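Student: A single structure is presented below for examination.
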Amino acid sequence: MAAKIWRRRATLASLGPCILPHYDFSAQRLHVENDLLEGADVAPTPEALNYLVNVLRLREGDPIVLFNGRDGEFLAHLREVTRRSARLRIGKSLRLQTARPDLDYCFSPLKQARLDYIAQKATEMGAGRLVPVITRRTQVRRVNSARLRANAIEAAEQCGVIAVPEVTEAVELPDFLAAFPAGRTLVFCDEDAPLANPVSALSGRSGHGVSLLIGPEGGFDDTERAAIARLPGCVTISLGPRILRADTAGVAALALLQATLGDWGGGGRV
């Protein structure tokens with residue numbers, strides 16, 4: 001199982017980062033599972049229809065932007081609206097499909113409301129994959145992957161993301177480390193690390209993608225910390241002198257990675 005979470009990179013890696021020049025962030029967007037092709041019709045699910053008609057209050061002929069994470073992004077218009085059904089007529093292509101960023105957010109699961117927050121914020125911050133990692137101090141050991149994906153999709157709809165993060169099954173920490181690819185960077189946020197400038201530690205790093213590892217509320221134990229640090233691609237950083245909640249630490253670390261290795265500078269390496 002652990003080895004599977006590192007697959008499916010090569011087919012998308014050549015497509016480049018998701019860049020949004022002059023993007024209309026006020027546009028209403030809807031993620032669909034259907035294939036998207038200009039001139040085709042899509043029948044929205046009952047949940048999507050309720051969202052379009054009763055939440056967004058769209059009417060016959062109104063526009064909506066559709067994406068599915070595979071075919072790019074298209075302008076569509078609402079057609080044949082009734083109480084129980086409608087059609088979405090697909091029009092012109094707005095953006096070509098882009099790859100998921102090669103940035104993995106690897107986290108110890110938290111209680112449900114904060115887990116929802118993690119999925120949403122990691123998506124907004126440009127994570128390409130969400131990887132639940134079970135540690136000795138993890139409080140929640142059963143992860144609802146479908147709910148994680150639903151939260152990632154909702155965040156993608158709202159923030160202009162076109163490549164929805166992949167959500168993997170939960171993996172035990174020893175299996176995660178054993179399957180970690182050679183040449184890939186693991187950024188380990190260690191609450192016991194000496195205070196130092198994390199920008200300096202990350203600057204100049206290169207390789208085949210980056211994985212960010214955030215621990216549980218109680219932190220990693222000494223055995224786990226030593227095992228992580230032995231990984232050849234591990235970079236251990238401190239997130240400052242204050243104790244951060246796990247979800248706060250994740251957002252802070254993702255911002256740090258995007259500023260140093262990611263797409264905030266316009267030419268990111270992940």
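Student: Step through the residues of segment 219-236 one at a time and calculate ³J(HN,Hα) from phi using the Karplus curve (6.51 cos²θ - 1.76 cosθ + 1.60, θ = phi - 60°), rounding each to whole Hz and writing x for Gly and Pro.
Tutor: x, 7, 7, 4, 5, 5, 4, 5, 5, 5, 5, 6, 4, x, x, 7, 10, 8
Student: May I ask for the angle, rounded to the nearest 10°, between helix 112-124 and the longest principal axis of the chain, with both axes built from Cα atoms and the value confined to 0 to 90°?
Tutor: Compared with the principal axis, the helix lies near 80 degrees.
Student: Shifting gears a bit: Using modelled amide H (1.01 Å from N, peptide plane; none on Pro or chain starts), what sits under 5 Å from the amide H of Ser211, excluding residues fewer than 5 places away?
Tutor: Correct list: Asp104, Thr185, Leu186, Val187.
Student: Now for a separate question. Quick check: residue separation of Thr248 and Ser26 times 0.36 nm, minus the Cα distance between them. What number comes out in nm?
Tutor: 77.2 nm
Student: Residue by residue through segment 39-45, which ³J(HN,Hα) values in whole Hz follow from phi under the Karplus form 6.51 cos²θ - 1.76 cosθ + 1.60 (θ = phi - 60°), with glycine and proline marked x?
Tutor: Using θ = phi - 60°, the values come out as x, 7, 10, 10, 8, x, 5 Hz.
Student: What is the spin-label model distance, in nm, from Leu94 to Ala196 if the labels are put 7 Å beyond Cα along the C-beta direction?
Tutor: Each label point is offset 7 Å from its Cα along the Cβ direction, giving 4.5 nm.
Student: Right, another one. Amide H of Asp62: which non-local residues (sequence gap of 5 or more, or other chain) have their own amide H closer than 5 Å, using H built in the peptide plane?
Tutor: Leu78
Student: Would you work out the charge dipole size for the chain about its Cα centre, treating the Cβ of every Lys and Arg as +1 and the Cβ of every Asp and Glu as -1, and quote it to the nearest 20 debye?
Tutor: For the chain, the charge dipole is close to 220 debye.
Student: Can you give me the long-range amide H partners of Glu172? Hydrogens built in the peptide plane at 1.01 Å from N, cutoff under 5 Å, separation of 5 or more residues or another chain.
Tutor: Here Ile134 satisfy the definition.
Student: While we're looking at this one, here's another question. For segment 48-112 and segment 128-150, what is the separation of their C-alpha centers, rounded to whole Å?
Tutor: If we compute the Cα centre of each part, the gap is 25 Å.
Student: A further question on this structure: If I model a spin label as a point 7 Å beyond the Cα along the Cα-Cβ vector, how far apart are those points for Arg142 and Glu172 in nm?
Tutor: In this crude label model, Arg142 to Glu172 measures out at 1.9 nm.
Student: Then there is this: I need the shape label for segment 99-265. Rule: rounded when a/c is under 1.5, else prolate if a/b > b/c, else oblate, with a, b, c from the alpha carbon gyration tensor.
Tutor: Taking the square roots of the gyration eigenvalues as a ≥ b ≥ c, segment 99-265 is rounded.
Each reported figure results from applying straightforward, stated rules to the coordinates on display, with no laboratory input. Keep in mind that what you see is a predicted model, and the values were worked out from it rather than measured. Virtual Cβ from ideal backbone geometry, glycine too; neighbours counted across all protein chains shown.
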